[in-house]
Amino acid sequence: MNLSSAFFFAAFLVYQPSSSHACPFSDTAEEMPHDSRHQRLRRRRLASLSEDENTRLKLASIISEQKRSLQNEACVTINVYESIRTAIDDMANGIADLGDRGHFMGGIVRLAAHDFMDFNFNAEDKLGSDGCLDFTNGANAGLPDLWCDDAASCPFKALYDESYSSIMSRADFWIAAANAVIWNSSAGNNPLDIPFRWGRIDSNDCPNSSSRLPEPGGCNDVEDAFITRMGLTWTDAVALMGAHTLGRGDADFSGHQGTWVQDDTRSTVFDNGFYREMLRRGWSTRDTDETVPDNDWTWGREDRNVMMLNTDICLRYDIDDGSPCCTNTDQNCRREPDNQCPDSSQVRPEAFEAVNNFGGDTNTAFFEAFTSAWVRATENGHDSLKELANTCVETQAPTQSPIGSCSDLATFKDRKGKDRDCSWVLSRDKCNKFLDECPVSCNACS
């Protein structure tokens with residue numbers, strides 16, 4: 001998916017001057033990011049969404065139908081959530097150009113991902129999924145081709161404005177729509193159905209967002225963003241990277257050119273292709289010049305338009321010292337055919353094992369790990385999200401612990417089987433998940 005800040009989500013604007021730190025919907029400025037790597041940006045990316053009349057009319061019709069069908073809805077019910085899935089599927093299928101379809105689908109997942117990638121549980125302003133991004137950062141280049149105030153050019157935002165803005169927050173909508181893309185594009189007869197809870201509150205100010213997005217330099221960037229700041233594991237990070245299977249990078253937006261899988265057709269399918277491509281090809285660095293970043297890898301000719309980034313390759317191979325090498329010298333490497341990249345089993349053993357595990361013949365291991373990681377990432381910092389229901393009637397609040405029997409457990413296991421205590425629960429804002437274990441610390445006693 002045009003996903004890669006440097007990681008899984010970087011090249012998809014309303015551009016703002018670098019001092020404003022404005023959020024996506026502000027349309028008062030036309031400046032490009034103050035970032036030398038993104039000075040060649042063009043204004044339009046998803047051209048067929050506004051320039052092809054048949055596509056434009058199809059998408060406008062879908063938006064109108066959604067508006068009519070949801071006019072009596074007042075909150076995020078099961079029906080509302082499923083309607084997003086239907087609308088996104090109809091819109092994607094209405095885009096005939098496969099490249100634009102991949103950009104559209106990948107861009108939606110990337111939008112949600114960039115929103116949660118700025119979470120930092122160590123900071124006072126934790127951020128995370130709050131419907132706010134700093135578009136002065138070059139890593140967000142191209143996203144306004146998805147989220148702008150021109151209904152013809154940005155039908156995805158028009159869908160929200162017309163049908164969902166009175167029902168749910170932007171943050172909830174971005175995640176629900178990303179879940180819909182994953183459901184609709186996941187391979188096989190058992191689409192990936194990611195659990196969803198709602199109730200996120202939008203923010204209109206996120207000045208620290210841009211500084212927290214990872215760069216594409218290598219696995220230190222992955223570790224800083226996903227493990228140190230977001231509190232995820234290496235397995236989670238590797239699983240989230242698998243979303244690169246959707247969409248493509250564009251040199252005029254992210255500075256990186258190509259799909260992570262073998263062609264545009266495959267880039268519209270959500271499966272474990274990212275890992276299979278990494279393991280089964282002979283990846284080596286591209287011939288570099290002033291227009292091609294030195295952290296791009298390819299297995300084909302320059303016009304083949306396939307790529308990986310340092311932040312992808314480093315998960316499975318130890319490329320930290322920057323020495324030229326090929327990831328699989330048995331696969332006709334274009335460069336360094338006799339110099340095998342060492343694997344990462346000693347420097348990042350958990351990541352190494354995860355790539356091997358996810359790159360098998362089925363999607364099972366990848367889908368399970370991605371679901372867990374995605375839910376953790378999209379719920380970071382939110383301790384009172386609501387379950388989907390058939391109606392908007394509030395469910396009865398949980399019964400508090402009776403007087404006289406309210407006490408914290410000394411230790412307990414989390415969902416991954418790790419030993420935890422209540423100080424950990426408080427440090428991670430996880431009272432909603434561990435109320436029974438820590439009623440005193442979470443002020444839940446009568």
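What follows is calculated from the coordinates using simple rules that are stated; it is not laboratory data. Owing to the predicted nature of the structure, the values given are computational and were not obtained by experimental measurement. Cβ: placed from backbone, ideal geometry, glycine included. Neighbour counts: every protein chain shown.
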- For segment 325-335, just list the computed ³J(HN,Hα) in residue order, Karplus coefficients 6.51, -1.76 and 1.60, θ = phi - 60°, integers in Hz, with x standing in for Gly and Pro. 6, 10, 6, 8, 5, 7, 10, 6, 4, 6, 10
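Pairs of alpha-carbon atoms within less than 8 angstrom and 6+ residues apart define the contacts here; what relative contact order does segment 128-190 have, in percent?
Values: 32 pairs, mean separation 17.4, N = 63.
28 percent.
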- Message: Between residue 208 and residue 97, what is 0.36 nm times their sequence separation minus the Cα-Cα distance? Round to one decimal in nm.
- Response: 36.3 nm
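Find how much the distance from residue 125 to residue 353 grows on full extension, using 0.36 nm per residue of separation minus their present alpha carbon separation; answer in nm with one decimal.
Values: separation 228, 0.36 × 228 = 82.08 nm, distance 3.38 nm.
Stretched fully, the residue 125-residue 353 segment lengthens by 78.7 nm.
Calculate the FRET efficiency for residue 75 and residue 338 from the Cβ-Cβ distance with a Förster distance of 51 Å, rounded to the nearest 0.05.
Details: r = 62 Å, r/R0 = 1.22.
So the FRET efficiency works out to roughly 0.25.
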- Query: Once phi is turned into ³J(HN,Hα) by the Karplus curve 6.51 cos²θ - 1.76 cosθ + 1.60 with θ = phi - 60°, what whole-Hz value does each residue of segment 376-387 show in order, with x for glycine and proline?
  - Reply: 4, 5, 7, 9, 3, x, 10, 10, 9, 6, 10, 6
- Query: Hey, rough spin-label estimate for residue 280 and residue 418, points 7 angstrom out along Cα→Cβ, what's it come to in nanometres?
  - Reply: 3.3
- Under a straight-distance cross-link criterion of Cα-Cα below 17 Å, which lysines are reachable from residue 418, leaving out those fewer than 8 residues away in the same chain? 430, 433
- Message: Check which residues have an amide H placed less than 5 Å from residue 326's amide H, if you skip close sequence neighbours.
- Response: 339, 340, 341
- Could you work out how far the C-alpha centroid of segment 308-368 sits from that of segment 45-111, in angstrom? 36
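Go ahead and run the numbers for FRET between residue 321 and residue 443, Cβ-Cβ distance against an R0 of 60 Å, rounding to 0.05. Don't skip to the end; give the middle numbers.
Numbers: r = 50 Å, r/R0 = 0.84.
Once rounded, the FRET efficiency stands at 0.75.
Output the pairs from 67/126; 58/386; 126/386; 386/413 with a Cα-Cα distance over 26 Å in this structure; if there are none, say none. Don't skip to the end; give the middle numbers.
Details: 67/126 34 Å; 58/386 34 Å; 126/386 20 Å; 386/413 24 Å.
Beyond 26 Å between Cα atoms: 67/126; 58/386.
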- Most exposed to least, judged by fewest other Cβ atoms within 10 Å, 283, 297 sort to 297, 283
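Would you mind getting me the FRET efficiency between residue 61 and residue 407? Use the beta-carbon distance for r and R0 = 56 Å, nearest 0.05. Display every interim value, and only then the final one.
Numbers: r = 59 Å, r/R0 = 1.06.
With a Förster radius of 56 Å, E is 0.40.
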- Query: Okay, which of segment 124-158 sit inside 16 Å, backbone N to the point 7 Å along the Cα-Cβ direction of residue 165?
  - Reply: 131-132, 146-158
- residue 186's amide H: which non-local residues (gap 5+, or another chain) put their own amide H closer than 5 Å, with H modeled 1.01 Å from N in plane and none for Pro or chain starts? 192, 270
- Note on the structure: Ranked output for segments 217-229, 420-432 by mean other Cβ atoms within 10 Å, highest leading, reads 217-229, 420-432
- May I ask you to evaluate 6.51 cos²θ - 1.76 cosθ + 1.60, the Karplus curve with θ = phi - 60°, for each residue of segment 358-374 and list the ³J(HN,Hα) values in order in whole Hz, giving x for glycine and proline? 6, x, x, 7, 10, 8, 4, 5, 5, 4, 5, 5, 5, 4, 4, 5, 5
- Task: Could you line up 382, 114, 244 from fewest to most neighbouring Cβ atoms inside 10 Å?
- Result: 382, 114, 244
- Query: How far apart, in nm, are two points set 7 Å out from the Cα along the Cα-to-Cβ line at residue 220 and at residue 433?
  - Reply: 3.0
